[in-house]
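Values quoted throughout were computed directly from the atomic coordinates according to the rules given, and no laboratory measurement underlies them. Please read these numbers as outputs of a predicted model, since none were measured by experiment. Every residue, glycine as well, gets a Cβ built from its backbone with ideal geometry; the counts of neighbours run over all protein chains shown.
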Amino acid sequence: MNPPEPTQTPAALDPSQVILRPLRPGDADWLIAQHGRLYARDEGFDASFEQLVADIVAGFLRDHDPARERGWIAEAGGERLGSIFLVRAETGQPPDTAKLRLFLLLPQARGLGLGQRLHDACLDFARGAGYRRIVLWTHESHRAATRLYARNGWTMTGSRATRSFGRDVVEQAWFRLL
């Protein structure tokens, strides 16, 4: 059963009331459920995407270094609206490389500048933690996100058609110096 759709609309949501806060108990389940629900609805992804998100969240909760890795939840009036994470990049990347992950805005929170706020908080933390570069992985279909990345100095470093999460997709890799 899908969770109920949030009731606020963009016109009713005041961006000045949105806070960016660290993870709290219960956020992991919300992150997994929202990613699974929205990507199934909007992209046609199967349950393997939700499993990937669950694995990312579990790894973060189990192993993250609070001095160099962080997750944020955008929230207004007790309602979660979005997320973004910064983690160390995978083995094989230079040690001063971070990775942006789990960037999500619920539909009612889009178009209000919250994506930019989450992005900026993530990059500011990355700089403060001593990272010199940041990478991310996304899909071509995430046009609003890729526009935000391009507008903020990111460069797409690769693109490839593949089959993931039960769909034909075009994966993209992006990179930015800090």
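Rounded to the nearest 500, what is the chain's calculated 222 nm mean residue ellipticity when only DSSP H runs of at least 4 contribute -39500 (n - 2.57) each, over all residues? Before the final figure, lay out the partial values.
Working: 4 runs with 58 residues, N = 178.
Calculated at 222 nm, the ellipticity per residue is -10500 deg cm²/dmol.
Which percent of Cα-Cα pairs in the range 55-128 sits in each 5 Å bin, short to long?
Per 5 Å bin, starting at 0, the Cα pair percentages come out as 3, 15, 26, 22, 18, 10, 4, 1, 0.
What's the center-to-center distance, using Cα atoms, between the range 19-44 and the range 91-115 in Å?
Cα centroid to Cα centroid, the span is 13 Å.
Tell me the Kirkwood hydrodynamic radius of the range 43-94 in angstroms, computed as one over the mean inverse distance between distinct C-alpha pairs.
Answer for the range 43-94: a Kirkwood hydrodynamic radius of 13.1 Å.
Considering the Cα trace of the chain, what is its radius of gyration and what is Dmax, both in angstroms?
When restricted to Cα atoms, the chain yields Rg and Dmax of 15.7, 45 Å.
Taking the DSSP beta bridges in the range 16-136 as the whole, what percent of them are antiparallel, to the nearest 5?
That works out to approximately 85 percent antiparallel.
Hey, can you rank 113-125, 166-178, 54-66, 97-109 by average C-beta count inside 10 Å, highest first?
The packing order, highest mean first, is 97-109, 113-125, 166-178, 54-66.
Under 5 Å between amide hydrogens, which residues at least 5 positions from residue 178 or on another chain qualify, with H placed 1.01 Å from N in the peptide plane?
Excluding prolines and chain starts, which carry no amide H, the hits are 133, 134.
When the Karplus curve 6.51 cos²θ - 1.76 cosθ + 1.60 is applied with θ = phi - 60°, which whole-Hz ³J(HN,Hα) does each residue of the range 78-86 get, with x for Gly and Pro?
For the range 78-86, the Karplus curve yields x, 9, 6, 10, x, 8, 7, 10, 10 Hz.
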